Each structure stands twice: as structure tokens, then as C-alpha cells.
Amino acid sequence: MFPDSSATPCYPEKFSNGDAFVCRCNSTHCDTVEGYEPLQPGRFTLYTSSNSTGDRLIKRDFPMSKTSNASGSAVTFTIDKSTKYQSVIGFGGATTDATAINTFNVSQATRTNLLKSYFSPDGIEYTVSRVPIGCTDLSPRYYSYNDHPGDFNLVNFSLATEDLEYKIPFLQEGISMSRRPIKLFGSPWTPPEWMKTNGDFHGAGQLIGKPGEKYFKTWANYFVRFLHEYEKHNVTFWGITVENEPMAGGIVGYKTPSCYFTPEMERDFIKLDLGPALHAGGFQNLKMMMMDDQRFELPGWPDVVLRDAESAPYVSGIGIHWYWDQDSLLLKLDLAHMYFPDYFMLYTEACYGHGALGSWEQGEGYSHSIIQNMNHWVSGWVDWNMVLNPRGGPSFVANYLNAPIIVDAEKDVFYKQPMYYHLGHFSKFVLPDSHRIHHTADRETELESIAFQLPDQSSYALVLLNRKDQDMDVVISDPDVGFMLAQIPARSIQTYLWTDK
């Protein structure tokens, strides 16, 4: 199944409800990804993951060809380096309470292998992580950092056990393994109960009063205190979002921690409270993302926030979730970019509900989303929980989900699902500060594709996704260096890498 390689091979394990195997890891064994640097002139490197062949990020190396020699059925993709689009922020997943707790429920050696799988050069090298500010639906309980009513000066602000014993150590260990900087961004779900109109962490409720008044000012300073407290543990942030799924906070009976904002409320909170508080606290360079909600809110939500001369200067980007993508046009991304080209768009959350262990289809769903959205101006893609248990939690509101890595603490093992490898085809190779570049296919094709120029400006990556049940011959033409002749197996994803030096 596996070619000769310096990488440690996968130990496959098949579960009855999955359409693909998972790779089993423990304290003594875990598969790794073979390195690709430096790229060799006149050759190309190809990584393949396939449900039909059993490959999982398997590296192969081939010579370039001076002529196409394409079969009549081959699809030719031609690279146009002169046409560049958006720059890449990165790829990653969220450091939720569930992720960190599950990671620390296994032995130290197993935990090291798990963290290396995500962050080290032996793994898929995530460069972005979302860090909840307080509790979420993937927490063991409702909690806040200040449960003292009327404490508008936040004298009693303190991080929770979930931060100090789990999330911060998880991040410290992951960052220490990485050769690449990791962009962290914080996202809040709910203020403390005493700051909200309904007096509860969940359900239909919002901050008491109006932007510019004391509850909103206290909530803005809460962000600042969170950032400073994490700094004390040598964990620094690249960005924040204003509120996770702000529209959900208006749903009566909603069990997930939440807080309601309209676009107008968010606009006024940014310009009157949050923006000034971050600047006063020394975080004027932090990347603030507005919206952090579904694609169907585009371009209306940013139209309210970013056309305001006072709120717009505080904002750097637009956070988007994937859950209603099937019901909203890709044109919405194009319009948001057209109207607001100076603001990046980042997919900040995506996941599937609890399901099969070993779903190739869910892996394809991740790759399809990344390719589709990044071909429409999105700059990066962040998964939700990195690590869950076999039940899909812990989740104290019983919102059980799926994740790229599943930990079975009783057996001291974890399983890498197809989602993990699909994500790795982007996170490992498409580095931050790469640029999407133009490319064309010579015919109609069901293959999905996206191309990038890497930061050194002489290396390139093309990702191909084949969700069909037939192998397909492909040719990649770089007019500066020649042709790459290959085949993408049925139900496969491939990353092609080459240099024009």
C-alpha cells in the first residue's frame, strides 16, 4: 500500500459504520508526513490521499516533461502566475475545552504524538487556531471569568480551570512543536449572566443597555483582560471575533451559550466600546473580525459595519461559518470582496455532526468547501474541534459532533479520520502569505482545483479533488518549466508542488 518513504506508515483500522479506514495512533506509534523541502528543479512532488488506493498523504516524486504527451481523456490545467488574487492567512482548528480536555485524557506519550500530528513538521502543521473566550457548547459546563454581579471594574476577573489546566497547556505544547508561527484568535460565546438581559448564559438575551453604556464598556474590557491573562502564560493572540454567531443569541430556548447582536449593535459596539478598549489596552494591532456567522449574511452585515467611518478602521476582516453554505450563493462572497476589497474573509468554523468513524465523504466535504470558498476570495479555513471523544464531546448541552481526531482515552489511542488528511493537503503545503493564482482547465471537468504561489515566489502548489468513482488522467502545465503528467485516482485528493527555479 505504501511506497518506500522516510515517513512512519499508518496503522489502518476500520469501523463498521465508516466508508474508509482511520489511522490508529498510540504512545509508541503514529503515522507521519514525509517532508518535501527543498523542491528540486525539473521535478515535481505529489502527495496523495485516496479512499480507492488507501494512500494517506503519501509522497511521490516525478520528473517534469518537456511535452504534454497527454492522453485524449486527460484534463490539462494551465498555471497563470501573472494573475494573483488574495493572500493566504492559514488553516487550522479550534482549541475548544473539549479538544484540550480530550488531549490531556491520554498518556503523555500519546498526547505528544497527537500534538505533533497537528503542529510539528511530522504532521500537518496548522498555522491558525480559534480559542473560545469562555464556555461554548463543547465545554463541560456553563462558566464565565467573572461571576460577581456589578463588578464593572472586573476586579474579580480570573481565567477558568478549563483555560489554566487544559487550553493554555495545549497551546503551549503545540506552539513549542511548530516551526511556523501560529495565529490565535479569540471568540466569545456569552458574557457573564449578570451582564445580560435574560440573566442567563443561553437563550434569547443580549447585553444590558446600549453600546457606549457601562455593560457594553465592561464587556469590551473583558476582552482586554482575557488577552492580558493569556499573555501572562506566553500565549499571544493575532486576532479576535466580536461575537460567535450573534444572530443565534436571539433564539428562544437555544441551549448553546450565546449573545444577541444585530449588525447595527455590532457596529456601535465596535466603534464606541471594543475598538477603543483594545487600543487603550495595547492591542491596536489585533485583527478584529466582524460577523463570525453564516455566509447568507453577506454582504448585508459588512455593509452596515464597514460603511461606517468610525467602526470600519477597527475592523480587519469578516469571519464566516459554513453551516448554511448550501443555501447561499457563492456570489455573496464575490460581492463582499467587491464592495470591501481591503478586508479579508476567513472561514472561522466548520464541522459535521456526530457520525461514522472513518467517513471519506466528510473529508471530501471539507476539501470541497476549502476549494470552493477560497476560489471566491476567502483567505483561510478553520475547523471547529480538533479533538473529540468517541461520543463526540464532551458537550454539556449534548451537541455531539465529529472531528478530524477522535480520542479513546480508555484505550490510550486516537484515530485520525479522513478529514485530518484532507485538511493536511492544504495546511501542510499552502503556507501563510501564499497567494491564490489563476489557472484554467482545457475542458469541462468534475475535478475541483485551486492553485497557489508560495511565499518564496518561486514555488507553487495545485490541489486537486476527485469526488468521482473514476480515475482521471491530468496534465499540469507551467509554461516556465514544462508539464506534470499524472493520474488522480477515484475518490482522491492530491497536492502538487514544484519550483520554477
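Which of the helices in the chain meet the span-like rule: DSSP H, Cα axial reach of 30 Å or more, Kyte-Doolittle mean at least 1.6?
none
What is the packing order of peptides 125-135, 348-358, 300-310, 145-155, taking the mean over residues of other C-beta atoms within 10 Å and listing the highest first?
Highest to lowest by the protection proxy: 125-135, 348-358, 300-310, 145-155.
Figure the gain on full extension for Glu34 and Thr67 (residue separation times 0.36 nm, minus the Cα-Cα span) and round it to one decimal in nm.
Separation in residues times 0.36 nm, less the Cα-Cα distance, equals 9.0 nm.
With the alpha-carbon atoms as the only input, what is the per residue convex hull volume for the chain in Å³?
With only Cα atoms used, the chain gives 137 Å³ per residue.
Going highest first, how would you order 317-323, 217-223 by mean Cβ packing within 10 Å?
The most tightly packed comes first, giving 317-323, 217-223.
Under 4.7 Å Cβ to Cβ, no partner at all: give me those cysteines from the chain, in residue order.
Lacking a cysteine Cβ partner under 4.7 Å: Cys135, Cys259, Cys351.
Expressed as a rounded percentage, what relative contact order does the chain have, with Cα pairs under 8 Å and six or more residues apart? List each step's numbers first, then the result.
On the way: 1205 pairs, mean separation 119.0, N = 501.
About 24 percent, as a whole number.
Amide H to amide H under 5 Å from Gly239: which residues, 5+ apart in sequence or cross-chain, H placed 1.01 Å off N in plane?
Under 5 Å from the amide H of Gly239 lie the amide H atoms of Leu184, Phe185, Gly186, Lys287, each far enough along the sequence or on another chain.
With a 1.4 Å probe and every protein chain kept in, tell me what percent of the accessible surface of region 112-193 is carbon plus sulfur.
About 49 percent, which is the carbon plus sulfur part of the accessible surface.
Rounded to two decimals, what ratio of Rg to Rh does region 434-481 give with C-alpha atoms and a Kirkwood Rh?
My calculation of the ratio gives 0.99.
Find how many whole Å separate the alpha carbon centroid of region 31-82 from the alpha carbon centroid of region 346-419.
26 Å
Could you tell me which of rounded, prolate or oblate describes region 455-501, using a ≥ b ≥ c as the square roots of the eigenvalues of the alpha-carbon gyration tensor, with rounded for a/c under 1.5 and, failing that, prolate when a/b is larger than b/c and oblate otherwise?
Because a/c hits 1.5 or more and a/b fails to exceed b/c, region 455-501 counts as oblate.
Tell me, what is the percent relative contact order of region 280-403, built from C-alpha pairs under 8 Å that lie six or more residues apart?
Across region 280-403, relative contact order equals 23 percent.
Just the number, please: carbon plus sulfur as a percent of the accessible area of region 281-327, 1.4 Å probe, no ligands or DNA/RNA counted.
Carbon with sulfur: 47 percent of the solvent-accessible area.
Dipole of the chain, Cα-centred, from +1 at each Lys and Arg C-beta and -1 at each Asp and Glu C-beta, to the nearest 20 debye?
So the magnitude is around 600 debye.
Roughly how many Å² is the accessible area per residue of the chain, as a whole number, for a 1.4 Å probe? Intermediate results must be reported in sequence, preceding the final value.
Details: 17940 Å² over 501 residues.
Result: 36 Å² of accessible area for each residue.
Looking only at Cα atoms, what is the convex hull volume of region 12-54 per residue, in Å³?
85 Å³
Can you give the three extents of the C-alpha atoms in region 51-159 along their principal axes, from longest to shortest, in whole Å?
Ordered largest first, region 51-159 gives principal extents of 74, 40, 23 Å.
Could you work out how far the C-alpha centroid of region 87-164 sits from that of region 435-456, in angstrom?
34 Å
So what is the calculated 222 nm ellipticity per residue for the chain, using -39500 (n - 2.57) for each DSSP H run with n of 4 or more, over all residues, to the nearest 500 deg cm²/dmol?
That calculation yields -6000 deg cm²/dmol at 222 nm.
As I understand it, the dipole of region 284-440 uses +1 on the Cβ of Lys and Arg and -1 on the Cβ of Asp and Glu, about the Cα centre. Which of His439, Asn285, Phe396 lies farthest toward its positive end?
With unit charges placed on the Cβ atoms, the residue in question is His439.
If you average 1/r across every pair of different Cα atoms in region 188-230 and take the reciprocal, what Kirkwood value do you get, in Å? List each step's numbers first, then the result.
On the way: mean 1/r = 0.0928 Å⁻¹.
Answer for region 188-230: a Kirkwood hydrodynamic radius of 10.8 Å.
Output the relative contact order of region 150-248, whole-number percent, from Cα pairs under 8 angstrom with separation of 6+ residues.
RCO, region 150-248: 35 percent.
Place +1 on the Cβ of every Lys and Arg and -1 on the Cβ of every Asp and Glu in region 172-217, take the dipole about the Cα centre, and give the residue among Gln172, Pro192, Phe216 whose Cα lies farthest towards its positive end.
Farthest towards the positive pole: Gln172.
The values are calculated or read from the model by the stated rules, or taken from the named source; none is laboratory data. Predicted model only: the values in this text are computed from it and were never measured. Note that each Cβ is placed from the backbone with ideal geometry, even for glycine, and that neighbours are counted across all protein chains shown. To get the accessible areas, we keep the full protein, side chains included, count just its heavy atoms, and leave off ligands, DNA and RNA. Shrake-Rupley method; radii C 1.70, N 1.55, O 1.52, S 1.80 Å.
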